[in-house]
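**Q** Next up is a structure, given as structure tokens.
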Amino acid sequence: MLPLAGIRVLDFTRHLPGPYATDILCRLGAQVLKIEPPDGDPTRWLPPIVGDAGSLFHLVNAGKESVVVDLKSEVGRSFAQRLAAVSDVVAESYRPEAAAELGIDADTLLAINPRLVYCSVSGYGSGDSRSGHDLNFVALAGLLDLQRDREGRPVLPSTQIGDMAGALFAALSVLAALFEREKTGRGRRIDVSMSEATRAVMPTAEALYRGTHSSPASFFLTGALPEYNVYETADGKYLAVAPLEPKFWEVFCAGIGAPHLTGRQYDNDARAEVFATIRKSIASKTRSEWERVFADLDACVTPVLTIEESHQRFGDPVSSNPLQSTFPSSRGGTPKLGEHFARAAEALGLDRTEIEALRRSGHFEAKRKLQKFIANSILRLRQKSLLKGK
């Protein structure tokens, strides 16, 4: 049995961070009921579309259940509150004032169910209703300033660091609050700021700042060191070279045929020469040839793979999620929009007549049937625009 079996999560989150957090809870065995507006979570229609939903939606919502609820209606708010009364966890990602208007704010739901663990995931915390995206969070954390190209311009991260940090802190906080509830019998409000979460996952940069009391012009792990860098191979591909410790550095230098560099790892005056020697050596062989060289050498050297190559070598990252090795589970399919309304209503003790009356109210039905077509049309237009710009 999975550790969260029997835990019921009411998930009002949308887009990526909140759904990723509740996906973790789902993988650990929680029953996650996803509450969607009549037009669905926007990622349902975000290209590329796979089957009947966006690829991203599949990745972070498989195994959950879906109920459409129009929270702008009185009957919808009442239904959501009844669900909260029988839930263990509520996760939401609305602005504070919006959650209150919809009747799903922490004060309202904790008054209904004091044992509830109520988790808010937002850009800047419940006291700040500003809009923001991952790029804003990494910018405010100082992370973006540390990643610059050769012209000194900040380089955009290729993955959503702040979003994922917020999601992980949210899931971790919910687990801790559930454990705490076993001792106190009371729930708790959790307020996760993705901006603050981003700052919390920068310990090495923060340590450097605290030691120097100034913002580093360049961070030693972002390209300043020859022993922690990326080098181009003869076939235009790349190797990631990270022999930071002397024992790995010695093996690396021998591997590239430059044992004379072993004693020069910490010689700042020789850094340019060391860089040049490594670049020249790495450029003499293809990536595959270097992989063979380092196959049996413990030197912290790996190929820079494309996502496709990573899939080919290591399999699907969804099925090989780190949780799977400790808590193996078989994820269910991706829910259709509003698919589980009857089941959720029955869990509240409603009979067939009451369920049909709610259906006829029009506040529990999907409204937009052309979203998939629209999303694919937008994708095609964007692709054509990008191609013209090349």
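The values are calculated or read from the model by the stated rules, or taken from the named source; none is laboratory data. Because the structure is a prediction, the values reported are computed rather than measured. Cβ sites come from the backbone with ideal geometry, for glycine too, and all protein chains shown count toward neighbours. Quick note on the areas: whole protein, heavy atoms, side chains included, nothing else; ligands and nucleic acids left out. Shrake-Rupley method; radii C 1.70, N 1.55, O 1.52, S 1.80 Å.
**Q** Looking at the structure I just gave you, is TYR228 touching a Leu at 6+ places or on another chain (Cβ under 8 Å) and open to solvent by 80 Å² or more (accessible area, probe 1.4 Å)?
**A** So TYR228 passes the test.
**Q** Among the residues of the range 238-272, what is the count of those that are without any contact (Cβ under 8 Å) to a residue 12 or more places away in the chain, closer than 19 Å to PHE220 by Cα and touching a helix residue (DSSP H, G or I) at 6+ places or on another chain (Cβ under 8 Å)?
**A** Counting residues in the range 238-272 that are without any contact (Cβ under 8 Å) to a residue 12 or more places away in the chain, closer than 19 Å to PHE220 by Cα and touching a helix residue (DSSP H, G or I) at 6+ places or on another chain (Cβ under 8 Å) gives 3.
**Q** Related question: So if I check each of ALA177, ALA165, ALA207, ALA170, which one is hydrophobic (A, V, I, L, M, F, W, C), over 19 Å from ARG14 (Cβ atoms), assigned to a helix (DSSP H, G or I) and open to solvent by less than 30 Å² (accessible area, probe 1.4 Å)?
**A** Just a single option satisfies the conditions, and that option is ALA177.
**Q** Turning to a different aspect of this structure: Please go through the range 46-70 and pick out each residue that is surrounded by 22 or more Cβ atoms within 10 Å (Cβ to Cβ) and touching a Lys or Arg at 6+ places or on another chain (Cβ under 8 Å).
**A** ALA53, GLY54, PHE57, ASN61, LYS64, SER66, VAL67
**Q** Kindly indicate whether LEU2 is open to solvent by 10 Å² or more (accessible area, probe 1.4 Å), under 28 Å from ARG186 (Cα atoms) and not in a helix (DSSP H, G or I).
**A** Yes; evaluated as a whole, the condition is true for this residue.
**Q** Taking the range 130-147 only, how many residues are open to solvent by 40 Å² or more (accessible area, probe 1.4 Å) and either in contact (Cβ under 8 Å) with a residue 60 or more places away in the chain or in contact with an Asp or Glu (Cβ under 6 Å, 6 or more places away or on another chain) (or both)?
**A** Looking only at that region, the number is 2.
**Q** Among the residues of the range 183-204 satisfying the criterion of being farther than 17 Å from ASP163 by Cα and touching a Pro at 6+ places or on another chain (Cβ under 9 Å), which is most open to solvent (accessible area, probe 1.4 Å)?
**A** Step by step, filter the range 183-204, then rank; the result is ARG186.
**Q** Would you pick out the residues in the range 29-43 that are open to solvent by less than 10 Å² (accessible area, probe 1.4 Å) and in contact (Cβ under 8 Å) with a residue 60 or more places away in the chain?
**A** The answer is LYS34, GLU36, GLY40.
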